[in-house]
Structures are given as C-alpha cells and as structure tokens.
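The values are calculated or read from the model by the stated rules, or taken from the named source; none is laboratory data. Predicted model, so just to flag it, every value in this text is computed and none were measured. Cβ coordinates were reconstructed from backbone atoms using ideal geometry, including for glycine residues, and neighbour counts include every protein chain displayed. Each accessible area value is taken on the protein alone, full model and side chains, heavy atoms only, with ligands, DNA and RNA left out. Shrake-Rupley method; radii C 1.70, N 1.55, O 1.52, S 1.80 Å.
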Amino acid sequence: MLSYILKRLGLSLAVVVAVVLVLFSLLHLIPGDPATVALGPRATPEAVQRYAEKMHLDKPVVMQFLIYVKNAALGDLGVDVFSNRSVAQIAIDRMGFTVALVSVSLAWAVLLGVPLGCLAAVRPNSWIDRLAAVLSVGTIAIPSFVVSIWALLLFSLELRWLPAMGAGEPGDPLDQLHHLALPALAVGLGWVGYLARMVRASMLEVMGEPYIRAAHAFGLPPRRVVYGYALRVAILPTVTLIGMGFSGLLSGAVFAEIIFARPGIGKLIFDSVMNRNFPVVQGAVLLTTALYIVITLISDLVVAWLDPRVRETL
C-alpha cells in the first residue's frame, strides 16, 4: 500500500508540474506584450514597465518560469491587477463556496442514485428497472446549464420557493443552505443517472458471482445478501466515479455560479477572463487543478484500501 501511495503521489506531482508549465506558457502565447494585455491598451508606458518589473516579465523566460514555480510552491500565486490583493487569498475565499456547492450536489446525487441503481439491479427487466433507466438517461442527457435556467424560472420566478441569486447572509447557515438548494439541484441532477447506471451494472455483475449464489443457498435474508455482500463489492467502481464526479462537478458548477450569481471559483475565473486579469486566472485555475488532483488521489487510495488488487495495477 505504501508503494502504491508513493507512486500515486509521484503521478499527482507530475500532473501539477505539467499544469504549472501550461499556465505559464499561456501568458506568453497570448499575442502582444503580456503586461500590455493584462493592463489594457490604454495603460501608460510607465504603468506597463512597473507591471513588467513587478511580475518579473523583464527577465528571461526560463528565469520567469523558475520564479513562478518557486512562488507557487510557497503559496504565492501573484497579485490581483485591480485590487492589489493576493491571488491565493482571493481564490481560497471563493473556493469555499464552490466546494460547498459541489459537496451538496454530489451528496444528494449519491443518496438518490445509489439506491436507485440497487433497486434496478435487484429487479432486472421489471417496470422499476425500466423506470430507473428512463430517469437515468433523462438526467444524464440534460445539460446542467439547461437545468439551471429552468430551475431558476420555475422554483424562483414562478413558484417563489427558493432565492434566485447570491450565496446567503454570511454567518447564517440556514440562509446559505436556502440559497444553495437550487444550484445544488441543477448541478447534481445529471450525476444521479451516472451513479444509478454504474451501481446497476456493478450489482448485476456481482449478483452472478458464486459466493452470492452460495449466500442465497444458505438461506440468508435477501436484504442482507444485497446490502451486506453484493453492494460492498459493487460499490468499488462507484467510489472511483464519485471521486471523478466531485472533480467533474467543479467544471459543471461554473454555469450554476454564473446563472445564480454565486461567488465561487468558477465565476471568479469567468470574470477574470472577461477583465483580462490573467494572474487571477492562472492562480484560480492552478488551485482548482490542485483540488481536482487531491480529490482524485483520495478516491484512488480509498479504492486501493478497499480492494488490494488495485494496488498491483500501477
């Protein structure tokens, strides 16, 4: 297990280095002078020169990259062009809203998708299985931004059950959950279908194993066989999917944060791109990538801990 952990940490570190290289290269692939692009065409030559010196753009490219890597390793992701605040602090403040949105979205998707997949697998080819298939395909096929718009129109503007925009009053958990309900519904709906289909396929495969037939032959209660034996093995691919789902929902949350005006990391990146605030874009993307890698690493380690056979595949 220790060897597997070290190998996964090495791969994760390699991915982070590759992302840092790509983010650094993007600034130099943009046509024109990076300082002029960042400050805009109306910036004075003095302002451009001060910005270039501050961002080390007056040094050779290799030296700029080494400085950027050293600063990123120390947690220094640069300074916001407009507010002169630390990019790391801005991104961390916004990341909390996105993590809350993704966590709630994935939690309700798991609570609904896993039992739905189990129920469909226990009663294959029944009306329950067909209904679960229709619901799964339907939720997968609808894009999250379409769900966001229709949920906003129905539950907020028409029925007035839930607030349309914002993240709630700071320090008021109930109000924040009230504002979180509608975006979480829109973001997590598609993953209900993914989880249900994965659990159903895994359960059908496991239910045909000899030890499951032996458990039935010994007269064990069907509920215990399904949830005590079959689900414990069938859930392993789903654990990986849940880790991927958390990471994938980070990108899906961008649309919800824009539509519902939530101050998350996705909206921060969108606003920074529109304002040509490239230090914030670089820092926010790097922090999001690091979170993506950490969540994927945790899910892989959990699967390796539950199933020792996975440790031999790397």
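Within region 219-230, the residues that satisfy the criterion of being open to solvent by 60 Å² or more (accessible area, probe 1.4 Å) and not in a loop (DSSP other than H, G, I, E, B) are 222, 223, 224, 227, 229. Looking at 128, 140, just one residue is over 25 Å from the mean Cα position of the chain (by Cα) and open to solvent by less than 70 Å² (accessible area, probe 1.4 Å), and that residue is 128. Give region 184-205 a look and list any residue that's open to solvent by less than 40 Å² (accessible area, probe 1.4 Å), farther than 23 Å from residue 226 by Cβ and over 14 Å from the mean Cα position of the chain (by Cα), or say none. Hit for region 184-205 is 186, nothing else. (1) buried (at least 16 other Cβ atoms within 10 Å of the Cβ); (2) at pLDDT below 75; (3) under 30 Å from residue 88 (Cα atoms): which one isn't true of residue 292, the others all being true? Residue 292 satisfies all of (1) buried (at least 16 other Cβ atoms within 10 Å of the Cβ); (2) at pLDDT below 75; (3) under 30 Å from residue 88 (Cα atoms) except (2). For region 161-180, does any single residue satisfy the condition of being under 16 Å from residue 98 (Cα atoms), surrounded by fewer than 19 Cβ atoms within 10 Å (Cβ to Cβ) and modelled with pLDDT of 80 or more? Looking for residues that are under 16 Å from residue 98 (Cα atoms), surrounded by fewer than 19 Cβ atoms within 10 Å (Cβ to Cβ) and modelled with pLDDT of 80 or more, one finds at least one in region 161-180, hence yes. Inside region 111-218, counting only helices (runs of 4 or more DSSP H) that do not spill past its ends, which hold 1 or more residues that are within 22 Å of residue 263 (Cβ to Cβ)? So the answer is 144-151, 173-207.
Against the test of being free of Cβ contacts under 8 Å to residues at least 60 places away in the same chain, closer than 19 Å to residue 110 by Cβ and not acidic (Asp, Glu), the options 206, 225, 199, 187 yield a single qualifying residue, 206. Only one of the numbered conditions (1) assigned to a helix (DSSP H, G or I); (2) farther than 19 Å from residue 199 by Cβ is violated by residue 276, and that is (1). Which of the residues belonging to region 262-296 are under 15 Å from residue 100 (Cα atoms) and in contact (Cβ under 8 Å) with a residue 60 or more places away in the chain? Selection gives 262, 263, 264, 265, 266, 267, 288, 291. For region 241-256, a residue qualifies if it is open to solvent by 40 Å² or more (accessible area, probe 1.4 Å) and touching a residue at least 60 places away in the same chain (Cβ under 8 Å), and the qualifying residues are 242, 255.
With respect to being in a loop (DSSP other than H, G, I, E, B) and open to solvent by 40 Å² or more (accessible area, probe 1.4 Å), residue 93 falls outside the description. Taken together, the residues in region 119-152 that are of a type in the set (S, T, N, Q) and touching a residue at least 24 places away in the same chain (Cβ under 8 Å) amount to 4.
Residues in region 235-263 that are more than 16 Å from residue 180 (Cβ to Cβ) and of a type in the set (Gly, Ala, Ser): 243, 245, 247, 248, 251.
Only one entry of 21, 26 meets the criterion of being modelled with pLDDT of 80 or more and touching a helix residue (DSSP H, G or I) at 6+ places or on another chain (Cβ under 8 Å), and that entry is 21. Consider region 75-88 and keep the residues that are at pLDDT 80 or above and either of a type in the set (Val, Ile, Thr) or exposed (fewer than 13 other Cβ atoms within 10 Å of the Cβ) (or both). The one that is nearest to the chain's Cα centre (by Cα) is 87.
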